[in-house]
Amino acid sequence: MKDQESGNVLEEIVTIDSGIIELKGELVVPPEAKGIVVFSHGSGGSRYSDYNHYLAHLLRQQEGLATILIDLLTEEEDAIDQRTQHLRYDISFLASRLITVTDWLFENTLTRDLKVGYFGVNRGSGAAFLAALARPMNVGAIVCRSGYTDLVIESLGYVQTPTLLIVGGNDCAIIAMNEDAIAEIPTQHKQLEIIPEASHKFSEPGAMEEVGRLASQWFKYYLSPVEEKE
């Protein structure tokens, strides 16, 4: 799946240097973007996920949002995690990397004026919640697809960020997790969407497009400047 954007779109591979580690990401900023969506993937390969690329394309195409697909693990860490799988389950560790990315966006001249949204995928959803709690003034919206919300259930009672949870109708275990999560989140700006007949990966015809449509609308509303909502 390859993007077809044209015009004055800025697209580049970026290196986020924290002074300790370097994270690689793919940044795309359409002209007059109103917000930027950070993809929080549960492992190191966010840039190499066809699903993430496709959803990022839909966000840019449908609502003109900027996107960044970031690898939360370095190449060396990812190689180790492929064998041990311990880092992908360390939600606090992944959240710390997501915070590093968020801080970098607010320091970067191209993105510092854009409100940030998190698009959590699987275990990356837990990291998105923890990072939003750490940067409540900077993160304007969260969307989670097939989120393992049970990994951070004890923290959800503090979440005030507008949150949309998207689950496949055939993904029974994840539905139960997300029903528990939506009940825990105290903000009134929350929603659980269950896409009928869709599986965990939303690989059925039209399912991923529906994920993109729901996410685009949520991010557009909550990342747009206040005056545009009035």
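The values are calculated or read from the model by the stated rules, or taken from the named source; none is laboratory data. Quantities reported herein were computed from a predicted structural model and do not represent experimental measurements. Using ideal geometry, Cβ is built from the backbone for each residue, glycine included, and neighbour counts are taken over all protein chains shown. We work out accessible area using only protein heavy atoms, side chains counted, and drop any ligands, DNA or RNA first. Shrake-Rupley method; radii C 1.70, N 1.55, O 1.52, S 1.80 Å.
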Options ARG135, ARG83, ARG88, ARG97: the member that is of a type in the set (D, E, K, R), at pLDDT below 95 and within 19 Å of ILE68 (Cβ to Cβ): ARG97
Where a residue in the range 163-181 is on the phi < 0 side of the Ramachandran plot and assigned to a helix (DSSP H, G or I) and its partner, wherever it lies, is acidic (Asp, Glu) and open to solvent by 10 Å² or more (accessible area, probe 1.4 Å), with Cβ under 6 Å and at least six apart: MET177/ASP150
Qualifying positions in the range 182-204 - without any contact (Cβ under 8 Å) to a residue 24 or more places away in the chain and aliphatic (A, V, I, L, M): ILE182, ALA183
Filter result for ILE194 (in a strand (DSSP E or B), surrounded by fewer than 23 Cβ atoms within 10 Å (Cβ to Cβ), among the β-branched types (Val, Ile, Thr) and in contact with a helix residue (DSSP H, G or I) (Cβ under 9 Å, 6 or more places away or on another chain)): yes
Which listed residue is closer than 17 Å to SER125 by Cα, among the acidic types (Asp, Glu) and surrounded by 18 or more Cβ atoms within 10 Å (Cβ to Cβ), from ASP180, ASP171: ASP171
Conditions (1) surrounded by 24 or more Cβ atoms within 10 Å (Cβ to Cβ); (2) part of a strand (DSSP E or B): number failed by GLY140: (1)
Counted residues, the range 20-78 - those being free of Cβ contacts under 8 Å to residues at least 24 places away in the same chain and among the aromatic types (Phe, Trp, Tyr): 1
Complete set of residues in the range 116-132 that are modelled with pLDDT of 95 or more and either open to solvent by 10 Å² or more (accessible area, probe 1.4 Å) or farther than 16 Å from ARG97 by Cα (or both): LEU130
